[in-house]
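Report on the structure given below.
FYI, it's all coordinate maths here, none of it is from the lab. Every value quoted in this text rests on a predicted model; they were computed, and no experiment measured them. Counting neighbours? That spans all protein chains shown, and the Cβs are built from the backbone with ideal geometry, glycine included.
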Amino acid sequence: MRAILLREEQIKSLICQREPVILIDTFFKPADPEYYTGLKILPGNIFCREGIFSAEGVIEHMAQSSAAMLGYLAAGRNEQVKTSYIGEIRDFELVDNPRTGDFLETIIEILSEVMDVILVRAESYVVSEPVVSEAVVSKPIASCKMKLVIN
Amino acid sequence: MWIDNYFTINRKSGIENADIYDVELNPDSEIYRGHFPGEPVSPGVCSIGMIVACASRSIGSPLEIRKISRCRFLSVISPQNRQDLRIRIELTDAILADEKQGKMYQIEASIKYKELVCLSLKGELAERPGKA
């Protein structure tokens, strides 16, 4: 089981998004080049309809997971956390929608980094509680490659 | 849900196989409180959400993204440029998937601000899943 580094309010030190758009609540201890995040999907989440968390929510969760990774790396260099934008999404696939009450766990892997453009691979899993070790043995419910542009 | 007051469709028209939606963003959407405070920028996923909403209207039932083979974000959309946004949607015939997934549609879409292409997307949509 992986150690939790930051939770809820503390996540704000890594990303520029604020409520009601924040879609990560846990940042686990990374194992470079892999980074791990989580989100408990609560009923009031604005990306839910009738208890179903939408594909847009999953993609934004993946983007914020990547942003948190970039924020974590920036903090390690004593730099300010910058905003980042999605430049491109490739090969996104959603096998099944997460539902309220689910814990979504995401693995971000850096594939390449050229100047301010970072290419990552994201894989999201539904798990019963925040433990990355469980995620790696199950099948992802969503995955994609994403290009992020740092502002 | 955020999409309910995110934007309005002012006009729907068609060119050949495509549906064209002239849309306007709502600058008072709750999204901008958090993306980002004091610096409102339309999240890329919300632009994708507008495309899905327009496609759902074209088909006449709620759809959901299943696959995106490629989506490029070419220019930033923001509520400052909330008018003159045009969404172009081309849906191909339903693909027969397995019963569990229901009907699927292939989609090619773009969003333009005036003549500037802001987003292009190619993917697959499915009927929105119901309650488990």
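Each part gets one Cα centre, and for the stretch A:40-54 versus the stretch A:63-120 those centres are 20 Å apart.
Sequence-ordered 3J(HN,Hα) estimates for the stretch A:35-49 from the Karplus curve with 6.51, -1.76 and 1.60 and θ = phi - 60° stand at 10, 10, 9, x, 8, 8, 8, 8, x, x, 4, 6, 9, 9, 10 Hz, glycine and proline given as x. Reported value for the protein assembly as shown: 125 Å³ per residue, from the convex hull of its C-alpha atoms. At an R0 of 25 angstrom, the distance between the Cβ atoms of A:K40 and B:R33 translates into a FRET efficiency of 0.75. Between B:Q83 and B:N5, the C-beta separation translates, for a Förster distance of 25 Å, into a calculated FRET efficiency of about 0.90.
If the elastic network links every pair of Cα atoms under 10 Å, which of A:A74, A:A31, A:A122 fluctuates the most in the Gaussian network model of chain A? Result: A:A31 has the largest fluctuation of those listed.
A straight chain from A:T100 to A:A31 at 0.36 nm per residue would run longer than the Cα-Cα distance by 22.0 nm.
Other protein chain C-beta atoms within 10 Å of residue C-beta, averaged over A:20-30: 2. Taken over chain B, lysine pairs spaced eight or more positions apart, or on distinct chains, with alpha carbons under 29 Å apart number 19. Specify the residue with the greatest mean-square fluctuation among A:V120, A:V81, A:V95, computed from a Gaussian network of chain A linking alpha-carbon atoms under 10 Å apart. Fluctuation is largest for A:V95.
What's the angle, to the nearest 10 degrees (0 to 90), between helix A:55-76's Cα axis and the longest principal axis of chain A? Value to nearest ten degrees: 40. Among A:E113, A:E123, the order by Cβ neighbours within 10 angstrom, fewest to most, reads A:E113, A:E123. Across chain B, the fraction of Cα-Cα pairs farther apart than 22 Å, rounded to a whole number, is 36%.
Hey, in the GNM for chain B with a 10 angstrom Cα cutoff, which one of B:A55, B:A109, B:A18 fluctuates hardest? Per the Cα network of chain B with a 10 Å cutoff, B:A18 tops the list. About its Cα centre, the stretch A:4-150 has a charge dipole of approximately 220 debye under the convention of +1 per Lys or Arg Cβ and -1 per Asp or Glu Cβ, with nothing else charged.
Between the Cα long axis of helix B:44-59 and the first principal axis of chain B there is an angle of about 50°, rounded to the nearest 10.
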